[in-house]
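Chemist: Encoded as structure tokens, here's the structure I'll be asking about.
The values are calculated or read from the model by the stated rules, or taken from the named source; none is laboratory data. What you see is a predicted model, and the numbers here were worked out from it, not measured in a lab. Virtual Cβ from ideal backbone geometry, glycine too; neighbours counted across all protein chains shown.
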Amino acid sequence: MFELWLDITDLPASGREFSFSDQALWTDSIREFRLPHRLDGPGGGLAATLSLTPQGRGLLIRGTLKGRAITPCDRCAEDTTIEIDTDFELFEEAPLEDAVSLEPGLLRRRGKVLELDVASLLWEQFLLALPVKPLCDEDCPGLCPQCGKPLREGPCDCGADEGDPRLAVLKNLKVPRGPN
């Protein structure tokens, strides 16, 4: 997975804003995990901004992620464009200087240097911004389960599925109804 650690040791108390548009932040992980997504849009895909503000023993992270992704429709497998425009906010507690963390987070200490794992943060926000079931159209009829023809082009010539022929004898089974 693409790595990008940002040194945040000397952030001013008022915070600081950062912008990220390197598409490798997302495309390397898309390729690594063999996901069916592609990035699209002006300038080539996604752009993120992060506002980082020190808060006591941690860091307040506010950000936006904007752009477009192309992914297959969940019903017909045709390419569909997903508009991504999301805001997020989270708080990450900074690890202590001498402590060894068993549970990795977005922040790490390397000696006196405190770093933020920007790549993991932005990858997570990208995945959260994607719909669970991307559709090219809410009324997408999908594909014929028999021949695979896109049903948006009209009905196919496949016959209705008669089911498993070994179970055909059960079609004549009469189930008595209980008292109503």
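Chemist: Filter the stretch 50-97 for residues that are under 20 Å from R110 (Cα atoms) and among the charged types (D, E, K, R) and give the result.
Modeler: Within the stretch 50-97, R57, E92, E93, E97 qualify.
Chemist: From the list R57, R38, which one is closer than 30 Å to K149 by Cβ and out of contact with any Ser or Thr (no Cβ under 6 Å at 6 or more places or on another chain)?
Modeler: On the way: R57 fails: closer than 30 Å to K149 by Cβ.
R38 is the lone residue from the list that is closer than 30 Å to K149 by Cβ and out of contact with any Ser or Thr (no Cβ under 6 Å at 6 or more places or on another chain).
Chemist: Hey, does the stretch 55-72 have a residue that's among the hydroxyl-bearing types (S, T, Y), within 21 Å of the chain's Cα centre (by Cα) and within 30 Å of E153 (Cα to Cα)?
Modeler: Yes, the stretch 55-72 contains a residue that is among the hydroxyl-bearing types (S, T, Y), within 21 Å of the chain's Cα centre (by Cα) and within 30 Å of E153 (Cα to Cα).
Chemist: Cβ-Cβ under 9 Å, sequence separation 6+ or interchain: first residue in the stretch 1-20 and farther than 18 Å from R57 by Cβ, partner of a type in the set (K, R) and surrounded by 13 or more Cβ atoms within 10 Å (Cβ to Cβ). Which pairs?
Modeler: That search, which allows pairs on different chains as well, returns W5/R108.
Chemist: Please work out which residue is nearest to the chain's Cα centre (by Cα), limiting yourself to the stretch 1-33 and to residues that are surrounded by fewer than 16 Cβ atoms within 10 Å (Cβ to Cβ), part of a loop (DSSP other than H, G, I, E, B) and of a type in the set (D, E).
Modeler: In this case the residue turns out to be E3.
Chemist: Same structure, new question: Listed residues R166, R177; which is part of a helix (DSSP H, G or I) and out of contact with any Pro (no Cβ under 7 Å at 6 or more places or on another chain)?
Modeler: The match here is R166.
Chemist: Among S120, S51, which is the only one that is among the small types (G, A, S) and outside any strand (DSSP E or B)?
Modeler: S120
Chemist: Let me ask you something else. Going by the structure shown, is L59 part of a helix (DSSP H, G or I), surrounded by 17 or more Cβ atoms within 10 Å (Cβ to Cβ) and not small (G, A, S)?
Modeler: No: the conditions fail for L59.
Chemist: So P36 ticks every box in (1) farther than 30 Å from V113 by Cα; (2) touching a residue at least 60 places away in the same chain (Cβ under 8 Å); (3) of a type outside the set (A, V, I, L, M); (4) exposed (fewer than 14 other Cβ atoms within 10 Å of the Cβ) but one. Which box is left unticked?
Modeler: With respect to (1) farther than 30 Å from V113 by Cα; (2) touching a residue at least 60 places away in the same chain (Cβ under 8 Å); (3) of a type outside the set (A, V, I, L, M); (4) exposed (fewer than 14 other Cβ atoms within 10 Å of the Cβ), P36 is out only on (2).
Chemist: Enumerate the pairs (first residue in the stretch 95-108 and under 21 Å from L122 (Cβ atoms); second residue anywhere and small (G, A, S) and modelled with pLDDT under 70) with beta-carbon separation below 8 Å, excluding pairs fewer than 6 apart on the same chain, so at least 6 apart or on different chains.
Modeler: P95/S101; R108/S101
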